[in-house]
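First up is the structure itself, then whatever we jot down about it.
None of the figures in this text is laboratory data; all of them are computed from the coordinates on show. Because the structure is predicted, anything quoted here is derived from the model rather than measured. Glycine gets a Cβ as well: all are built from the backbone with ideal geometry, and neighbour counts include every protein chain shown.
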């Protein structure tokens, strides 16, 4: 029993740190609220979709910025999509990086866009690692017979 | 926590029309992540959901047929309300709104637009052309009660104001660096 309680404690603390450090915002809580017995893997499913979609968009962005003639409208559309989906799952730092990126698109500033792409990639990579760790912890809690505490 | 659970229970029970049939929402969004989230949000609140990944697909669902030989039957899926994202490629939410309002067979179906961006011109253009409301993404549980209210047939005049009044309240969200005003209220042209 102690093991479960310790794991749950670890999970609660880790989750809290992700919010405290700004990786996740309230929207992630909203997502967790949607998960129930009928859809016990809802959060993992949605976040997995987000990972797939983001990786596709980041590849498209890299390709678009390599072109001789940079299509800023197309790039802006991709960043807008990424901003939207990161906002929908509560990936706050990715969302903020996308906002900065769009400003450089407006200015048609290739160098600025390249820097922002690196920043977005960096933030995405961080939140992906954090979320994967979170899900791993959740699985350990469940495997030990515990339950995942619902957000307040 | 208790209050929120109470409210959720109330909303779950109320996502039905006067006959007790679940309200059928046509949810249109090109983003897969958002379709999944909005779909789940609506289902959990006991709405019936049909999803479309484009305006074109939404029109097909509504019965707009490209086949000129056979007469298409409009709204045989009995959609009660359309909830559409604004920013979509090819046909955006505004284009979809205009297509729906321009067709006498389906123009009575209420249309609500959702967007991640706050653009006053965009908002007033949609509201002026028949959109019931313009909501901010990501959609929250508390936005769902509004959807139900737009489906009510021949609703009595609300106590808070007449249908002609335009109310736009900007409520900045606390705790976020970017100002994300939430639009509350109903506006009718």
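List of remarks:
- Within 10 Å of each Cβ in B:114-123, the average number of Cβ atoms from other chains: 1
- Computed from Cα positions, the angle between helix A:72-89 and the longest principal axis of chain A comes to roughly 10 degrees.
- For the segment A:86-97, counting C-beta atoms of other chains within 10 Å of every residue's C-beta and taking the mean gives 3.
- Per residue of chain A, the DSSP helices (runs of n ≥ 4 H) give a summed -39500 (n - 2.57) that works out to -27000 deg cm²/dmol at 222 nm.
- Cβ-based exposure ranking for B:143, B:76, in which fewest neighbours within 10 Å come first: B:76, B:143
- Neighbour-count ranking [beta-carbon atoms within 10 angstrom, fewest first] of A:25, A:41: A:41, A:25
- Sequence-distant contacts, meaning Cα pairs under 8 Å at least 6 residues apart, place the relative contact order of chain A at 34 percent.
- Using alpha-carbon coordinates, inclination of helix A:42-66 to the longest axis of chain A, degrees: 20 degrees
- Against chain A, whose longest principal axis is taken from its Cα atoms, helix A:110-143 shows a tilt of about 10°.
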